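Working notes for the structure below.
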Amino acid sequence: MEELDLEIRKILTRAEYEGNIGSSSTGNLILEAIKRHYHDPAVAAAAKDRIEALKKQPGVSFPANYEELLAN
């Protein structure tokens, strides 16, 4: 889980630096990172809470069907 948190922080830091924090690509990159670790039951259980927390941050958006995207 620490590895995933680090990946997410890097994505957010890079997006903020490049001025892309509000773009949908930021959310998509985070979903891709989570999906790579989604086979781990601990990640799968915490993924929804993590995404919901990120959605509350300014400029971070995710598709409404993010749970379906992670499951596929």
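When region 22-37 is filtered for residues that are among the small types (Gly, Ala, Ser) and either within 11 Å of Leu4 (Cα to Cα) or under 8 Å from the mean Cα position of the chain (by Cα) (or both), the ones remaining, listed by number, are Gly27, Ala33.
Counting only residues that are under 13 Å from Leu54 (Cα atoms) and in contact (Cβ under 8 Å) with a residue 12 or more places away in the chain, how many does region 1-23 have? Selection size over region 1-23: 5. For region 18-40, the tally of residues that are among the aromatic types (Phe, Trp, Tyr) and at pLDDT 90 or above stands at 0. Taking every residue in region 52-72 that is among the hydrophobic types (A, V, I, L, M, F, W, C) and pairing it with any residue that is in a loop (DSSP other than H, G, I, E, B) and at pLDDT below 85, at least 6 positions away or on another chain, the pairs with Cβ-Cβ distances below 6 Å are Leu54/Val60. Within region 20-72, the only residue that satisfies the criterion of being surrounded by fewer than 12 Cβ atoms within 10 Å (Cβ to Cβ), among the aliphatic types (A, V, I, L, M) and assigned to a loop (DSSP other than H, G, I, E, B) is Ala64. Checked across region 7-19, the condition of being in contact with a helix residue (DSSP H, G or I) (Cβ under 8 Å, 6 or more places away or on another chain), part of a helix (DSSP H, G or I), surrounded by 13 or more Cβ atoms within 10 Å (Cβ to Cβ) and of a type in the set (Lys, Arg) holds for no residue.
The values are calculated or read from the model by the stated rules, or taken from the named source; none is laboratory data. Nothing here was measured: the structure is a model prediction, and the numbers come from that model. No Cβ is skipped: glycine too gets one built from the backbone with ideal geometry, and neighbour counts run over all protein chains shown.
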